[in-house]
1. Rg and Dmax of the chain, Cα atoms, in Å?
2. So how much slack lies between THR449 and ALA30, counting 0.36 nm per residue of separation and subtracting their Cα-Cα distance, in nm?
3. Can you compute the FRET efficiency between VAL429 and THR166 using 1/(1 + (r/R0)^6), with r the Cβ-Cβ distance and R0 = 30 Å? Round to the nearest 0.05.
4. If all Cα-Cα distances of the stretch 254-352 are sorted into 10 Å bins from 0 onward, what percent lands in each bin, rounded to whole numbers?
5. Please list log₁₀ I(q)/I(0) at q = 0.11, 0.12, 0.17 Å⁻¹ for the stretch 125-244, using the Debye equation with identical point scatterers on the alpha-carbon positions.
6. With n ≥ 4 as the cut-off for DSSP H runs, can you work out [θ] at 222 nm for the chain, using -39500 (n - 2.57) per run divided by the number of residues, rounded to the nearest 500?
7. Please list the helices of the chain that count as membrane-span-like by this rule: a mean Kyte-Doolittle hydropathy of at least 1.0 together with Cα atoms stretching 27 Å or more along the helix axis, each helix being a complete DSSP H run.
8. Could you tell me the distance between the Cα centroids of the stretch 292-365 and the stretch 144-203, to the nearest Å?
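Quick note: the coordinates plus some simple rules give every number you see, no bench work behind them. Model, not experiment: these values are computed from the prediction. Reconstructed Cβ throughout: ideal geometry from the backbone, glycine too, with neighbour counts over all protein chains shown.
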Amino acid sequence: MSTTTETEIPLRQRVAENPQPALIWAAVGAVLVGVELGAILQVVGAVAGVVVNLLPGDPGASAVQSLQAAFDAIPTLVSRDVIPNQGYWNGTSYQNTFLGLSPAVAWAIRVVFVYAYAFAVLAWAWNGYNRFRRHYRRVDWTPRDDVVNRFRNHSWGKFGLIIVITFVVMAVFAPALGPTTMERNILQPYDYEVSYWSEDTQSVETVLVGEANIGSGSQGAGDENVAPLTYDDFGRFHPFGTATNGKDLFTQVVFGARISLTIAVVAMGIAGLIGLGLAMITAYYKGLADLATVLVSDSIQALPVIMVLILMLVIFQNTWVRELYDGAVLIILIFSIVYWPFIWRSIRGPALQVSEEDWIDAAKSFGQTPTQVMRKHMAPYVFSYMLIYASLSLGGIIISVAGLSYLGLGITAPTPEWGRLIANGQQYVASPSWHISLLPGLLITLVVTGLNAFGDGIRDAIDPQADTGDEAAATGGGA
């Protein structure tokens, strides 16, 4: 007689016995992926390009570039090719814009489509979780249900979640959200032309984008300013106005969001892996391993984080590492080295606590190796604590990156970065060109506040008895 109970039935068998909910969910997912397949392939091509650029000699660079060009030619639902906004007025109507609408309206429609698609994907993911709970989960209740319910009732955390989603969508869909492209307006402006209606000649003329930027800079009052939500003299719409060099500010902001998010997430991911690995080793072996890690972490934590960042960037100023992706790789490595002691400290206590539990001794007695014990029985217990600290520290990294760029030590031009935008427009804060510094500054404040609020919500949901006065995490790990 089989002793297999209902709770031991594999997920695959449970889905096979009731396939309809899973099939409907998968079909909707296939549609969502299909309409953005081109963008997904573009991401794959971009990742391949990053890997190739990091290899000595750039092997296969030409093949990767051809692959990227093929992927870029695939239109997607929310791309600028489907909903174009870079058209021009020919005296009677707009040309080359979506349905002949004005560039401003066409751009706004594309922004709405992008965020509608992003929230549709989130709704699909949430629906999948609910379908799993309703139809395929082996038990009626798990502790995760209480975590989700507590977060759903956490107003401050939900506010943070909305800000974080808005920020992430801005970074992920930066090429579609910008009124112009990075290459056309920022990186290679003299390789492209723009058509516009000339009031002097009463005809359509063309000019190089770089020359148009020179005539569209925001550097004070009068005709030297292109304010937010206005057109420049060449018929180009600028949601956030233009920067001092005439380049579109909104395009720089959304691509700057991508840079900030990438640095923060990758650096925190690497620091988290280091901290989690050391926490497992020191909690399992204790003794000398723990003492050595304490000494190293205390040495790093004793130094002011921002001073370490500045010192390391100055030391590597003229090296090949500093040139990788305009300094982004070096900044990620430095943040990873600086932040892992904070993460290790935040999870050291829970790791030591779980190492003394009876189930750890039982796992050892059954012959499981130290690696298996740490991976299967210890790491899952402390992972939630690491997640809390990491979510509260992302804002600190974003502020630090912006501060370094403000001082001229962070991401170098032409790659956009919020801190450098603030520095470039600082002298125009009291002029009609106030938008150059103020808008990126407000976005930094809003994003960091949202990340901290989201981190608070996660902390209160996972551990409702947590001390809300956590001094290190709330300040972004001392950044």
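1. In Å, with Rg to one decimal and Dmax whole: 25.9, 93.
2. Working: separation 419, 0.36 × 419 = 150.84 nm, distance 3.49 nm.
Full extension of this stretch gives 147.3 nm more.
3. Values: r = 25 Å, r/R0 = 0.84.
Once the sixth-power term is evaluated, E becomes 0.75.
4. 15, 41, 30, 13, 1
5. The computed values of log10 I(q)/I(0) come out as -0.61, -0.65, -0.94.
6. Working: 20 runs with 295 residues, N = 479.
The per-residue figure over the chain is -20000 deg cm²/dmol.
7. Working: long enough: 103-131 (42 Å, 0.85); 249-285 (53 Å, 1.70); 328-355 (37 Å, 1.38); 379-406 (40 Å, 1.42); 435-462 (40 Å, 1.14).
Qualifying helices, which must be both long enough and hydrophobic enough, are 249-285, 328-355, 379-406, 435-462.
8. Here the two parts' Cα centres lie 31 Å apart.
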